[in-house]
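What follows is one structure encoded as structure tokens, with my remarks underneath.
The values are calculated or read from the model by the stated rules, or taken from the named source; none is laboratory data. The shown structure was predicted, so the numbers you read here are calculated from the model rather than taken from an experiment. Methodologically, a virtual Cβ is constructed for each residue, glycine included, from the backbone with ideal geometry; neighbour enumeration extends over all protein chains shown. Only protein heavy atoms, including side chains, enter the accessible area calculation; ligands, DNA and RNA are left aside. Shrake-Rupley method; radii C 1.70, N 1.55, O 1.52, S 1.80 Å.
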Amino acid sequence: MFRTFRGGQSGGWRVTSLSPVTGEPLPFMPALSVTDGEAVALPLIPSRNAWRLVGVPSHLRYTERGEKQQLESVQAGLGRLEATSAALIPIRKSQAWWDLTQEERRKIFEDKSHHIASSLRFLPAIARQLYHCRDLGEPFDFLTWFEFAPAHTPLFEELVGMLRRTEEWSYVEREVDLRVVKEVLSA
């Protein structure tokens, strides 16, 4: 199942900010649509008034059984009614990261950066899903999607700030931070 994030003129989420954290930005678009599908149609020509990022959920990597069980016991699913704020943070890591072995990446990811252990306290307030896109020819390696209630925005800022200070983040060569709010249709 492919998840497509499309920045454009319409969509279920209104863009409130789009900031390049490091590397090249994405063009600002006023709306974001998020769709799932069995296939992805390739764009025939590049568009000046839209962009599209595609990823796939995958099995957990760099995660040991106990960590997986801890995550599963506290994490919330996407699509909660109260989660009307969200963030899409596409990330591309450097070739130096990919040149490391899986074991070396695990050591940086958890043993040094404590990615999982430090993030547990932010769950279930913040729901998250990682989509892989490195092998799809996309401009990013990962699309990280977070959903949370507006009241949990400070908690989300704390989580993102903490992760960006880790050794793991020293391998990030491109990151964009896109914040959105759910469009509410009036009756």
With criteria (1) closer than 18 Å to Val15 by Cα; (2) in a helix (DSSP H, G or I); (3) open to solvent by 40 Å² or more (accessible area, probe 1.4 Å), Val184 comes up short on (2)
Given (1) modelled with pLDDT of 95 or more; (2) closer than 24 Å to Gln70 by Cβ; (3) assigned to a helix (DSSP H, G or I); (4) of a type outside the set (A, V, I, L, M), Thr153 misses just (2)
Contact list, first residue from region 169-187 and under 20 Å from Thr84 (Cα atoms) and at pLDDT below 95, second anywhere and open to solvent by 20 Å² or more (accessible area, probe 1.4 Å) and in a strand (DSSP E or B), beta-carbon distance below 6 Å, six or more apart or interchain, is Glu183/Arg14
Flagged in region 135-164 as without any contact (Cβ under 8 Å) to a residue 40 or more places away in the chain and not acidic (Asp, Glu), in numbering order, are Gly137, Ala151, Pro154, Leu155, Gly161
**Request:** Scan region 105-124 and give yes if some residue there is closer than 21 Å to Phe5 by Cα and either polar (S, T, N, Q) or without any contact (Cβ under 8 Å) to a residue 24 or more places away in the chain (or both), otherwise no.
**Result:** no
Taking region 78-120 and the residues there that are closer than 15 Å to Phe146 by Cα and of a type outside the set (A, V, I, L, M), the one that is most open to solvent (accessible area, probe 1.4 Å) would be Glu82
